[in-house]
Amino acid sequence: MAGVDVVITDSLGGTQTVTTDVNGNYTATVPAGSTTANIDETTVPAGSVLTAGSDPQTVIVPGGSNAAAAPVGYQQQGTISGYIFNDINGNGVQDAGEPDLAGVDVVITDSLGGTQTVTTDVNGNYTATVPAG
């Protein structure tokens, strides 16, 4: 992800903010020792969730050398929602007197093959958070 800010706290307590490039990479020059890289989640695209790695991360930077933090993955999420009613006359439209269906389990299969079950509320509505796709 490009344009994500990462707050770097070095072994001496100094902080700096670097921004990821078009390939999602960032670089900071720091003194040797324990360094923390903390992603500023307010700069991650809205609706994204952490899917790989950890945040923040601590990296031990050796003197005169380079060290790399482990990759961190985010995935943008969205929602799917729907509504269920009892179509008594089967005309495909909710007519007067055709009730909402509460307590119905809806199995959602997302673009990654994951499944979750959500239940309709008293108004027949359901919502689930899913990966994009």
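The values are calculated or read from the model by the stated rules, or taken from the named source; none is laboratory data. Note that the structure is a prediction, hence the values are computed from the model and not measured. Reconstructed Cβ throughout: ideal geometry from the backbone, glycine too, with neighbour counts over all protein chains shown. With ligands, DNA and RNA removed, areas are computed over all heavy atoms of the protein, side chains included. Shrake-Rupley method; radii C 1.70, N 1.55, O 1.52, S 1.80 Å.
Of the residues examined, Ile39 is not one that is open to solvent by 70 Å² or more (accessible area, probe 1.4 Å) and touching a residue at least 24 places away in the same chain (Cβ under 8 Å). Across the range 71-85, the qualifying residues are those that are open to solvent by less than 60 Å² (accessible area, probe 1.4 Å) and in a loop (DSSP other than H, G, I, E, B), and the one among them that is farthest from Ile39 (Cα to Cα) is Ile84. One residue alone among Asp40, Asp100 is modelled with pLDDT of 95 or more, of a type in the set (Asp, Glu) and closer than 30 Å to Leu12 by Cα, and that residue is Asp40.
Looking only at the range 86-118, residues that are part of a strand (DSSP E or B) and open to solvent by 80 Å² or more (accessible area, probe 1.4 Å) come to 5 in all.
Across the range 43-68, the qualifying residues are those that are among the polar types (S, T, N, Q), free of Cβ contacts under 8 Å to residues at least 24 places away in the same chain and under 30 Å from Thr79 (Cβ atoms), and the one among them that is surrounded by the most Cβ atoms within 10 Å (Cβ to Cβ) is Gln57. Scan the range 119-133 for residues that are of a type in the set (Ser, Thr, Tyr) and in a loop (DSSP other than H, G, I, E, B) and the total you get is 1.
A count restricted to the range 17-38 and to residues that are over 13 Å from Thr58 (Cβ atoms), under 25 Å from the mean Cα position of the chain (by Cα) and not aliphatic (A, V, I, L, M) stands at 9.
A quick yes/no check of all residues on (1) touching an Asp or Glu at 6+ places or on another chain (Cβ under 6 Å); (2) part of a strand (DSSP E or B); (3) of a type in the set (Val, Ile, Thr); (4) farther than 23 Å from Gln77 by Cβ:
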site: Ser11; (1), (2), (3), (4): no, no, no, yes
site: Thr17; (1), (2), (3), (4): yes, yes, yes, yes
site: Gly24; (1), (2), (3), (4): no, no, no, no
site: Thr27; (1), (2), (3), (4): no, no, yes, yes
site: Ser34; (1), (2), (3), (4): no, yes, no, yes
site: Asn38; (1), (2), (3), (4): no, yes, no, no
